[in-house]
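Take a look at the structure set out below.
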Amino acid sequence: IDLLMQDGKELVFVEVRFRRNQRFGGGAQSVTSAKQKKMANAAQAWLSSHRQWANAGCRFDVIAIDWHENTFRFDWIKAAFNLDDR
């Protein structure tokens, strides 16, 4: 997890992924189910040590950054997955 943000009353755990080329997929595709599991485990550990946030909603976003045709392309994927997917 690269960023922990707040959107209203909701906590947002954000993973930022950069890919210089598309040979192995873009930034969004690099957030595999294994990476999602690691993010979910990290979020659960953080929440268990910050009890004041126990009842807050949370979501997992991905900011994918790709280098394409000599420019950066940004894609903010809100609610890319949730704990129910795990």
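The values are calculated or read from the model by the stated rules, or taken from the named source; none is laboratory data. Keep in mind the model is a prediction, meaning the values are calculated, not measured. Just the protein is used for accessible areas: all its heavy atoms, side chains included, with ligands, DNA and RNA removed. Shrake-Rupley method; radii C 1.70, N 1.55, O 1.52, S 1.80 Å.
Per residue, what volume in Å³ does the Cα convex hull of the chain take up?
Convex hull of Cα atoms, per residue: 86 Å³.
So how much slack lies between LYS37 and ASN55, counting 0.36 nm per residue of separation and subtracting their Cα-Cα distance, in nm?
Value of the extension gain: 4.4 nm.
Can you give me the accessible area per residue for the chain, using a 1.4 Å probe, in Å²? All intermediate terms of the calculation are to be shown ahead of the outcome.
Values: 5780 Å² over 86 residues.
Here the per-residue accessible area is 67 Å².
With all protein chains present, how much of the accessible area of the chain (probe radius 1.4 Å) comes from carbon and sulfur, to the nearest whole percent? Display every interim value, and only then the final one.
Working: 2840 of 5780 Å².
Ligands and nucleic acids excluded, carbon and sulfur reach 49 percent.
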